[in-house]
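K.L.:
Pasting in a structure now, in structure tokens, and then I'll have a few things to ask.
The values are calculated or read from the model by the stated rules, or taken from the named source; none is laboratory data. Model, not experiment: these values are computed from the prediction. Ideal geometry is used to build each Cβ from the backbone, glycine not excepted, and the neighbour counts take in all protein chains shown.
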Amino acid sequence: MQETVHFVFGIFGNATALFLFLAPMITFWRIIKSKSTEQFSGIPYAMTLLNCLLSAWYGLPLVSKNNLLVSTINGTGAGIEVIYVLIFIVYAPKKEKTKILGLFAFVLTFFAAVALISLLALHGNTRKLFCGFATVVFSIIMYGSPLSIMRTVIRTKSVEFMPFFLSLFCFLCGTSWFIFGLLGNDPFVYVNNGFGSFLGALQLILYFIYRKNKGKGKGNGKGKNENKNKNTAVVSVELGLPDEPNEDKELSNTKGAQNGHV
């Protein structure tokens with residue numbers, strides 16, 4: 001019975017995570033149409049790629065047991081993120097292109113180093129611990145990224161830049177993998193996803209507190225907030241708003257939340 005429930009939560013986690021991985025398609029369709037990355041940041045996608053690669057590696061049977069569903073979704077996510085990064089590199093201005101290319105190379109090199117060290121130098125439980133700690137560190141960083149948008153919601157008393165369904169699926173994804181990790185007795189799955197589930201719940205609470213103020217945040221100090229929000233990179237899932245291109249351009253890096261990583 002426990003194995004069946006474990007499998008069901010893994011499937012549900014795959015489904016919710018896939019939604020989060022595909023959410024930025026709106027943004028990238030806009031980039032392709034305009035042939036410009038505008039004010040969007042490529043850093044979230046490169047770092048999400050690293051997290052997906054590490055998580056997919058950790059889920060393989062040669063590293064940990066009963067976590068194959070972790071590998072399937074993160075392997076899929078890695079493929080999707082590679083496409084996002086390559087599209088960004090194609091349409092980015094020269095300076096940004098060089099930066100993302102360098103980051104992309106770092107991500108691949110870092111992952112290759114972790115994989116080779118764990119495969120050639122480590123064995124058994126030591127290999128699992130090494131890969132598990134690397135995965136947890138980057139997962140927590142990814143899950144912690146929405147703190148910036150939550151701060152914006154509290155400051156402006158508006159949920160304009162925190163889409164409800166994105167927050168909902170972040171919560172569902174984190175909760176699914178948290179329970180999956182508990183049932184599988186794997187702290188490298190339930191610790192980071194428990195953290196993600198908690199932050200997702202906080203986002204939903206904030207949404208219901210300020211839901212009536214959507215689009216009615218404080219208007220004063222607009223120029224100051226523009227510059228601040230341009231530099232706020234909420235990792236990996238950005239939702240473009242085609243109907244409001246100017247607003248989206250100003251706040252492109254605050255649109256979204258973490259991907260469904262485990």
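K.L.:
Looking for whichever is of a type in the set (S, T, N, Q) and over 24 Å from VAL191 (Cα atoms) here; the options are THR98, THR175. Which one fits? Explain how you work it out, then say what you get.
P.N.:
Numbers: THR175 fails: over 24 Å from VAL191 (Cα atoms).
None of the others qualify; the one that does is THR98.
K.L.:
Any chance you could count how many residues in segment 121-163 are in a helix (DSSP H, G or I) and within 29 Å of LEU62 (Cβ to Cβ)?
P.N.:
So the answer is 20.
K.L.:
Restricting segment 1-56 to residues that are farther than 16 Å from LEU69 by Cβ and of a type in the set (Ser, Thr, Tyr), which is nearest to the chain's Cα centre (by Cα)?
P.N.:
THR48
K.L.:
Only one of (1) assigned to a helix (DSSP H, G or I); (2) within 25 Å of ILE31 (Cβ to Cβ); (3) at pLDDT below 55 is not met by GLY223, so which one is it?
P.N.:
That leaves (2) as the condition not met.
K.L.:
Checking the condition farther than 17 Å from VAL85 by Cβ and surrounded by fewer than 21 Cβ atoms within 10 Å (Cβ to Cβ), which residue from PHE7, PHE28 passes? Break it down into steps so the answer makes sense when it comes.
P.N.:
Values: PHE28 fails: farther than 17 Å from VAL85 by Cβ.
Only one candidate qualifies: PHE7.
K.L.:
Look through segment 57-69, keep the residues that are closer than 23 Å to THR109 by Cβ and within 18 Å of the chain's Cα centre (by Cα), and return whichever of them is surrounded by the most Cβ atoms within 10 Å (Cβ to Cβ).
P.N.:
For segment 57-69, the residue satisfying everything is TYR58.
K.L.:
Still on this structure: Among (1) touching a residue at least 60 places away in the same chain (Cβ under 8 Å); (2) surrounded by fewer than 21 Cβ atoms within 10 Å (Cβ to Cβ); (3) in contact with a helix residue (DSSP H, G or I) (Cβ under 7 Å, 6 or more places away or on another chain); (4) of a type in the set (A, V, I, L, M, F, W, C), there is one condition CYS52 misses while meeting the rest; what is its number?
P.N.:
(2)
K.L.:
Can you pull out the residues in segment 139-162 that are surrounded by fewer than 21 Cβ atoms within 10 Å (Cβ to Cβ) and within 15 Å of the chain's Cα centre (by Cα)?
P.N.:
Going through segment 139-162, the residues surrounded by fewer than 21 Cβ atoms within 10 Å (Cβ to Cβ) turn out to be 140-141, 144, 147-148, 150-151, 154-158, 160.
Within segment 139-162, ILE140, ILE141, GLY144, LEU147, SER148 meet the criteria.
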